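The values are calculated or read from the model by the stated rules, or taken from the named source; none is laboratory data. Source: prediction; values computed, not measured. We work out accessible area using only protein heavy atoms, side chains counted, and drop any ligands, DNA or RNA first. Shrake-Rupley method; radii C 1.70, N 1.55, O 1.52, S 1.80 Å.
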Amino acid sequence: MLLNKSDVEKIAHLARLEVTEADIPLYANNLSNILNLVEQMNVIDTTGVEPMAHPLDASQRLRPDIITETDQRELFQSIAPQVEAGLYLVPKVIE
Amino acid sequence: MHNKTIAELSADLRAGKYSSVELARAFLDRIKRHNLQLNAFVTVTEDQALTDARAADARLQAGNAGPLTGIPLVQKDIFCTQGVKTSCGSKMLDNFIAPYDATTVARLKEAGTVLLGKANMDEFAMGSSNETSFYGPVKNPWDTAAVPGGSSGGSAAAVAARLAPVATGTDTGGSIRQPAALCGITGIKPTYGRVSRYGMIAFASSLDQGGPMARSAEDCALVLGAMAGFDARDSTSVDIPVPDYAATLTIPSRG
């Protein structure tokens, strides 16, 4: 598929990009190359090819249902601008 | 100094040609001179760098240094760094001092690397030009009128301008590979599951991967070796042995 000058101008307008007149042939050529690559890939017959979910055949790992994290509230609240009685204070957003 | 590979720097440090503190100072000096123009850093951690470097020198002296001991690096500001601002390029996290280290950060710390600072990036990694950061756009060192790419644009610009030998990046849909290409350096998006996402601010959890950005495949291999590996704190981390990436460099890439 070949993009012409007006295609490039339209794409540039939609992307709100300023493209100089002299650069238009370059962009037309580069963008056409991308579309040509897609066409090239479309030619390949992929029937019967199983989609690859993970290159390392990993599956979801489960962990024992035991407590691993301890209370670190003081540490986490030490960087908060304002706290009171263990709670974060935030600016009032609803009147 | 700033044009040497990681392997060369490591050999020089072992040979005592210069200390890790001297190496850190050399890079900190370059950052001071060039970052104003490039805006590749959100935070420069000078004190931390010198502390890390002194510890690295002690390890080098004691003879228990690894290949990355004393090597300065930049962390993308998406990785939580204990005690250091972790903004993710956003005003929302401008006052967030991470209370813990991301696994990747902890691993690179254990390897003895020296933290120079945190790299600028597109806000929450959502961009491909590094123009969306709250801290302003990053410039491409090759042409400051051009973008460095993104979202790991600060990392790419820092390495390209030799403000650090290596930087970390993260890639969801090209955020390591594209800025690496635009800045003329090497970056790897590792296979999903290789590098722990623990402490790495999420964009799209089923696609995000952290990886190294450096000047060569060799440098990336050395750093990826330290970043990769199983982490129980990341539910999609894969528990398979990490190959010796540096040893595979001589195998031709054709299959």
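What number comes out for accessible area per residue over segment B:1-150 if the probe is 1.4 Å? Units Å², please.
The answer is 42 Å² per residue.
State, as an integer percentage, the relative contact order of segment B:24-110 based on alpha-carbon contacts under 8 Å between residues 6 or more apart.
Numbers: 76 pairs, mean separation 17.3, N = 87.
Relative contact order for segment B:24-110 comes out at 20 percent.
Show the residues, 5+ positions off or on another chain, whose built amide H is closer than 5 Å to the amide H of B:VAL42.
Hits under the 5 Å cutoff: B:LYS118, B:ALA119, B:ASN120.
Using every pair of alpha-carbon atoms in chain A, split the distances into 5 Å bins beginning at 0 and state the percent of pairs per bin, rounded to integers.
2, 8, 10, 8, 6, 6, 6, 7, 8, 8, 14, 12, 4, 0
If you look at just the Cα atoms of segment B:6-230, how large are its Rg and its Dmax in Å?
Spelled out, the Cα radius of gyration and Dmax of segment B:6-230 are 15.6, 47 Å.
Enumerate lysine pairs in chain B that are 8 or more residues apart or on different chains, then count those whose Cα atoms are under 17 Å apart.
So the count works out to 14.
Using only helices, what value at 222 nm comes out for chain B when you add -39,500 (n - 2.57) per DSSP H run of length 4 or more and divide by the total residues, to the nearest 500 deg cm²/dmol?
Working: 7 runs with 80 residues, N = 255.
The helix-only estimate for chain B comes to -9500 deg cm²/dmol at 222 nm.
Taking amide hydrogens as modeled 1.01 Å from N in the peptide plane, which residues meet the under 5 Å criterion relative to B:ARG215, leaving out close sequence neighbours?
Result for B:ARG215 returns B:THR186.
With viscosity set to 0.692 mPa s at 37 °C, what whole-number translational diffusion coefficient in µm²/s follows for segment A:38-92 from Stokes-Einstein and a Kirkwood radius over Cα pairs?
Translational D for this selection: 185 µm²/s.
Along each of the three principal axes of the Cα atoms of segment B:108-156, give the extent in whole Å, ordering the values from largest to smallest.
37, 25, 15
For segment B:161-221, what is the accessible area per residue in Å², given a 1.4 Å probe and the full set of protein chains?
For segment B:161-221, the per-residue accessible area is 29 Å².
Using only DSSP helix segments of four residues or longer, with each worth -39500 (n - 2.57), what per-residue ellipticity at 222 nm results for chain A after dividing by its residue count and rounding to 500? Spell out each step's value before the answer.
Values: 3 runs with 34 residues, N = 95.
It comes out at -11000 deg cm²/dmol, rounded to the nearest 500.
Using protein heavy atoms only (no ligands, DNA or RNA), what is the total accessible area buried between A and B, 1.4 Å probe, nearest 100 Å²?
In total, this chain pair buries about 1000 Å².
Could you give the angle, 0 to 90 degrees to the nearest 10, between helix A:24-42's Cα long axis and the longest principal axis of the Cα atoms of chain A?
Value to nearest ten degrees: 80.
I'd like the distance between the alpha-carbon centres of segment B:97-167 and segment B:28-70, rounded to an integer number of Å.
Using only Cα atoms, the two centres lie 15 Å from each other.
Within the accessible area of segment B:6-230, what % is carbon and sulfur when the probe is 1.4 Å and the other protein chains stay in place?
Details: 4240 of 7920 Å².
Roughly 54 percent, rounded to a whole number.
Using a 1.4 Å probe on protein heavy atoms, which residues of segment B:90-119 have at least 40 Å² less accessible area in the complex than alone?
Output list: B:PRO99.
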